[in-house]
Amino acid sequence: MSTKMIKVEDLSFSYGRRKTKVLDGFSMSLNKGSVYGLLGKNGTGKSTLLYLMAGLLRPQTGKVYYKGVDVTLRKPTTLQDMFLVPEEFALPNVSMKRYVKLNAPFYPHFSDELLKACLRDFDMNEDIHLGELSMGQKKKAFMCFALATNTSLLMMDEPSNGLDIPSKSQFRKVIASGMTDDKAVIISTHQVRDIDSLLDHVLIMDGSELLLNESVATICEKLYFAEQGMNEPTDGALYVQPSVQGNSVILPNESYEESKMNLEVLFNAMLAERVKMQSMFNH
């Protein structure tokens, strides 16, 4: 049975006919059972892509299929199985309990237990009133509702914006604990340090080009990430970036050693040395 959850085929989109296309002939497919990091500079179309995948925007050309169904049809069976947390949102001036009562029925797999556990992880409870929360607390409350919908696909746009450092750590824990083999999570961000330990798969886009679409396992198999002192030689490095210790380097992993992926350095390397970096992944 295919694990393909989403197929994006030849997608083109612009905000208005005469505007420059945000996406032009963009294609990719995503599987279930993974946490994806969707990375790109601001303005490269990450948010637009999420809205198109959720069926909230209609492409000028191309299609998005979710479990084989065109998302623009906005079928209830599709909509009740995906959830998008946008970067900016407004919540009504009601209690959390009231919000759940009004919105949970749209999601047949909604879990009160998951909601309570998630709120507890964020040091909140279900007696909160949404109108009285700070922006950071609203974000946490909405993320808890999103996770509790228990949809197969969860998309989050810049979810760590507005969260303090302890909350960012809790966010990673909450996402990891909610993952199953039947689900997929897509996290769009440019704050790469907040999510690097969470990811199974990395997508790096630059406009309509998908520069990288690889699992973390494959990235660490092909590349070796290291910190070197200022005077250590960097011969043979694919990419070198100054760091506090001296240099962060990416080398071809010729001896198949294990190293921890440095997502920030990988992202910068893909933008600066795309041909050299992509040649490492030519299957």
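The values are calculated or read from the model by the stated rules, or taken from the named source; none is laboratory data. Note that this is a predicted model, so its numbers are computed, not measured. Because the Cβ atoms are built from the backbone with ideal geometry, glycine has one as well, and the counts that use them run over all protein chains shown.
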Unmet criterion (only one of (1) modelled with pLDDT of 95 or more; (2) β-branched (Val, Ile, Thr); (3) surrounded by fewer than 19 Cβ atoms within 10 Å (Cβ to Cβ)) for residue 151: (3)
Residue check, residue 138 surrounded by fewer than 20 Cβ atoms within 10 Å (Cβ to Cβ), touching a Ser or Thr at 6+ places or on another chain (Cβ under 8 Å), of a type in the set (Lys, Arg) and in contact (Cβ under 8 Å) with a residue 12 or more places away in the chain: no
Matching residues in the range 69-105 - criterion: being touching a residue at least 40 places away in the same chain (Cβ under 8 Å) and not aliphatic (A, V, I, L, M): 80, 81, 83, 86, 87, 89, 99, 103
From the options 44, 48, residue that is within 17 Å of the chain's Cα centre (by Cα), surrounded by 13 or more Cβ atoms within 10 Å (Cβ to Cβ) and over 25 Å from residue 136 (Cα atoms): 44
Elements of type helices (runs of 4 or more DSSP H) contained in the range 40-156, each with 1 or more residues being small (Gly, Ala, Ser) and within 30 Å of residue 206 (Cβ to Cβ): 46-53, 135-148
Selection status of residue 199, touching a strand residue (DSSP E or B) at 6+ places or on another chain (Cβ under 8 Å) and among the aliphatic types (A, V, I, L, M): yes
Qualifying residue in the range 23-34 (condition: farther than 16 Å from residue 185 by Cβ, of a type outside the set (Ser, Thr, Tyr), not in a strand (DSSP E or B) and not assigned by TED's automatic domain parsing to the domain that holds residue 271): no
Members of the range 157-172 found to be more than 19 Å from residue 35 (Cα to Cα) and not in a helix (DSSP H, G or I), listed by number: 162, 163, 164
Flag if residue 80 is of a type outside the set (A, V, I, L, M), over 19 Å from residue 152 (Cβ atoms) and surrounded by fewer than 20 Cβ atoms within 10 Å (Cβ to Cβ): no
Unique match (being among the charged types (D, E, K, R), under 24 Å from residue 49 (Cβ atoms), out of contact with any helix residue (DSSP H, G or I) (no Cβ under 6 Å at 6 or more places or on another chain) and in the same structural domain as residue 50 (by TED's automatic domain parsing)) among 194, 182: 182
Residue match in the range 59-74 (condition: crowded, with 18+ Cβ neighbours inside 10 Å and over 22 Å from the mean Cα position of the chain (by Cα)): no
Of all residues making up the range 1-27, the number that are touching a strand residue (DSSP E or B) at 6+ places or on another chain (Cβ under 9 Å) and under 18 Å from residue 152 (Cβ atoms): 7
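Here is a check on your reading of the model: is residue 50 touching a Phe, Trp or Tyr at 6+ places or on another chain (Cβ under 6 Å) and in the same structural domain as residue 197 (by TED's automatic domain parsing)? Talk me through it step by step, then tell me what you get.
Details: touching a Phe, Trp or Tyr at 6+ places or on another chain (Cβ under 6 Å): no; in the same structural domain as residue 197 (by TED's automatic domain parsing): yes.
Considered against the rule, which asks whether it is touching a Phe, Trp or Tyr at 6+ places or on another chain (Cβ under 6 Å) and in the same structural domain as residue 197 (by TED's automatic domain parsing), residue 50 comes out as no.
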Filter result (closer than 14 Å to residue 140 by Cβ and either among the small types (Gly, Ala, Ser) or out of contact with any Leu (no Cβ under 8 Å at 6 or more places or on another chain) (or both)) within the range 93-127: 116, 117, 119, 120, 121, 122, 123, 124
Test: residue in the range 209-231 that is without any contact (Cβ under 8 Å) to a residue 60 or more places away in the chain, in contact with a strand residue (DSSP E or B) (Cβ under 6 Å, 6 or more places away or on another chain) and at positive phi: no
Matching residues, the range 181-206, being touching a Gly at 6+ places or on another chain (Cβ under 8 Å), within 23 Å of residue 273 (Cβ to Cβ) and not in a strand (DSSP E or B): 190, 192, 195, 196, 199
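Taking residue 238 as the residue in question, decide whether it is surrounded by 15 or more Cβ atoms within 10 Å (Cβ to Cβ) and under 30 Å from residue 54 (Cβ atoms).
For residue 238, the condition - surrounded by 15 or more Cβ atoms within 10 Å (Cβ to Cβ) and under 30 Å from residue 54 (Cβ atoms) - is not met.
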